[in-house]
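Structure first, then comments.
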Amino acid sequence: MLWQDGFCRIVLATDTPDYPGFCRVILNMHVKEMTDLSPENRTRLMAVVWKTEQAVRDVMQPDKINLASLGNVVPHLHWHVIPRFEKDPHFPSPIWGNAVREADARPGPNLADILRREFVSNLPGG
């Protein structure tokens, strides 16, 4: 857990070791689709997604950020914020495809703490 409030939370995706800095923004209430939210809550959730993107960019300095909201396996609204690097295993394809090269680097041991500090300084209620 990197950050949370009563509405949503940001977690570091530790199940994707080849993608350091990969975060998920997860809505706390059980909702399946963005259009199930009120316009105000859509705006609120996307504000957290965009702040997450900015924090990951500031800390990781990736070549690109991918944003995705799939939910095919878990039909609970969440967004993936994925820093991409030209030397990552799947670049330029989506990370869910076939790898085209070996992973280049692993994150430093303090990445979660660095991201957590970035979120606390940039998100309300952090």
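The values are calculated or read from the model by the stated rules, or taken from the named source; none is laboratory data. All values reported here derive from a predicted model rather than from experimental measurement. All Cβ positions, even for glycine, are placed from backbone atoms using ideal geometry, and neighbour counts span all protein chains on display.
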### Message
Out of the residues in the stretch 34-73 meeting the condition of being exposed (fewer than 12 other Cβ atoms within 10 Å of the Cβ) and β-branched (Val, Ile, Thr), tell me which one is farthest from Lys87 (Cα to Cα).
### Response
Thr35
## Note on the structure
Residues in the stretch 77-106 that are closer than 21 Å to Leu2 by Cα, in a loop (DSSP other than H, G, I, E, B) and either within 15 Å of the chain's Cα centre (by Cα) or free of Cβ contacts under 8 Å to residues at least 12 places away in the same chain (or both) total 1
### Message
Quick test for you: out of Leu12, Leu67, Leu45, pick the one residue that is closer than 22 Å to Phe119 by Cβ and in contact (Cβ under 8 Å) with a residue 40 or more places away in the chain.
### Response
Leu12
### Message
Please count how many residues of the stretch 1-48 are touching a strand residue (DSSP E or B) at 6+ places or on another chain (Cβ under 8 Å), assigned to a helix (DSSP H, G or I) and β-branched (Val, Ile, Thr).
### Response
1
### Message
Go through (1) modelled with pLDDT of 95 or more; (2) over 18 Å from Ile82 (Cβ atoms) for Val31 and report which single condition fails.
### Response
(1)
### Leading residue by the ranking (farthest from Trp3 (Cα to Cα)) among those in the stretch 53-75 that are in a loop (DSSP other than H, G, I, E, B) and modelled with pLDDT of 90 or more
Asp63
### Query
Looking only at the stretch 74-86, which residues are within 19 Å of Tyr19 (Cβ to Cβ), out of contact with any helix residue (DSSP H, G or I) (no Cβ under 9 Å at 6 or more places or on another chain) and surrounded by 11 or more Cβ atoms within 10 Å (Cβ to Cβ)?
His78, His80, Arg84
